[in-house]
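Report on the structure given below.
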Amino acid sequence: DTGVSQDPRHKITKRGQNVTFRCDPISEHNRLYWYRQTLGQGPEFLTYFQNEAQLEKSRLLSDRFSAERPKGSFSTLEIQRTEQGDSAMYLCASGPPGLGSSYEQYFGPGTRLTVT
Amino acid sequence: AQSVTQPDIHITVSEGASLELRCNYSYGATPYLFWYVQSPGQGLQLLLKYFSGDTLVQGIKGFEAEFKRSQSSFNLRKPSVHWSDAAEYFCALLGGFGNEKLTFGTGTRLTIIP
């Protein structure tokens, strides 16, 4: 069990550019989550996948944000036309299948995005 | 709507002293409750969770938490802190069966002094 991995760990971009982040969940975890954490705040839910299906999206996920999990394994989060307000830590988490244990979410180290 | 409040932004304790971090929640039924710890440059690590049953739950690293329905609280405790416990601690809530969205508090930063 190698844990949830995220790439890149840090990203600096200029306003208006597009960025894409990748998340590799723990193997055999069919649930995958994206959260955003700004300075001094707790993580805020963005979206949730079960296998390849995106089952829930937060109102925080504007039209400029899109997330995919094409084969039910890794996931990508893309932000188009970045704004300075997008600067945050983007966290990915995964959870195992089945009732009960599925309530646990295991987090990756995050991708810190800075928009200049 | 569900929410989590962590009233203490920053707490400082001496190494070896006891610790209690407060967490209050708002939810219409019994929630699922979690405590996570976040160290600089690291992801969130699950310390412990409460789903049902015994209201005193044990976690990793010597932490425990007690669910008190009457007070809508889920405070985290440790009898004797170590310097390595310095980190940010987050309380989180899951609104029951079928809800996949964790709602986090704003966190409590713990500083340990020697």
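With respect to (1) without any contact (Cβ under 8 Å) to a residue 60 or more places away in the chain; (2) surrounded by fewer than 18 Cβ atoms within 10 Å (Cβ to Cβ); (3) away from every other protein chain (no Cβ under 13 Å), the lone exception for B:LEU46 is condition (3).
If a residue must be outside any loop (DSSP other than H, G, I, E, B) and within 8 Å of another protein chain (Cβ to nearest Cβ), how many such residues does the range B:95-114 contain? Before the answer, list the steps.
Keep residues of the range B:95-114 that are outside any loop (DSSP other than H, G, I, E, B), which gives B:102-104, B:108-113.
Filter again for within 8 Å of another protein chain (Cβ to nearest Cβ), leaving B:102-104.
Adding up the residues that qualify gives 3.
Can you pull out every residue in the range A:29-55 that is in a loop (DSSP other than H, G, I, E, B), within 13 Å of A:ALA93 (Cα to Cα) and more than 8 Å from every other protein chain (Cβ to nearest Cβ)?
So in the range A:29-55, the residues in a loop (DSSP other than H, G, I, E, B) come out as A:29-30, A:38-43, A:51-52.
Subset that is within 13 Å of A:ALA93 (Cα to Cα): A:29-30, A:43.
Answer for the range A:29-55, where residues must be in a loop (DSSP other than H, G, I, E, B), within 13 Å of A:ALA93 (Cα to Cα) and more than 8 Å from every other protein chain (Cβ to nearest Cβ): A:HIS29, A:ASN30.
Note on the range B:63-82: residues that are touching a Gly at 6+ places or on another chain (Cβ under 6 Å) and not polar (S, T, N, Q) amount to 1. So is B:VAL81 away from chain A (no Cβ under 14 Å) and either among the β-branched types (Val, Ile, Thr) or not in a strand (DSSP E or B) (or both) or not? In short, yes.
Of A:ILE26, A:ILE79, all but one fail to be touching a residue at least 60 places away in the same chain (Cβ under 8 Å), more than 10 Å from chain B (Cβ to nearest Cβ), aliphatic (A, V, I, L, M) and in contact with a Gly (Cβ under 7 Å, 6 or more places away or on another chain); the exception is A:ILE26. Quick check on the range A:17-32. Is at least one of its residues more than 16 Å from the chain's Cα centre (by Cα) and more than 30 Å from B:GLY59 (Cα to Cα)? Yes, the range A:17-32 contains at least one residue that is more than 16 Å from the chain's Cα centre (by Cα) and more than 30 Å from B:GLY59 (Cα to Cα).
Yes or no: A:GLY16 among the small types (Gly, Ala, Ser), closer than 25 Å to B:THR108 by Cβ and surrounded by fewer than 16 Cβ atoms within 10 Å (Cβ to Cβ)?
Values: among the small types (Gly, Ala, Ser): yes; closer than 25 Å to B:THR108 by Cβ: no; surrounded by fewer than 16 Cβ atoms within 10 Å (Cβ to Cβ): yes.
No, not satisfied.
Selection of the range B:72-108 for residues being over 11 Å from the mean Cα position of the chain (by Cα) and of a type in the set (Asp, Glu) yields B:ASP85, B:GLU100. Taking the range B:1-65 and the strands (runs of 3 or more DSSP E) fully enclosed by it, the elements with 2 or more residues that are over 28 Å from A:CYS23 (Cβ atoms) are at B:10-14, B:19-21, B:24-26, B:56-58. Residue count for the range B:90-114 satisfying the condition of being out of contact with any strand residue (DSSP E or B) (no Cβ under 7 Å at 6 or more places or on another chain), among the polar types (S, T, N, Q) and over 14 Å from B:PHE51 (Cα atoms): 1.
Quick check: is even one residue across the range A:101-109 part of a helix (DSSP H, G or I), of a type in the set (Phe, Trp, Tyr) and at pLDDT below 95?
Yes, there is a match, as at least one residue in the range A:101-109 is part of a helix (DSSP H, G or I), of a type in the set (Phe, Trp, Tyr) and at pLDDT below 95.
The values are calculated or read from the model by the stated rules, or taken from the named source; none is laboratory data. Fair warning: this is a prediction, and the values are worked out from it, not measured in the lab. Don't worry about glycine lacking a Cβ; one is built from the backbone with ideal geometry, like all the others, and counts go over all protein chains shown.
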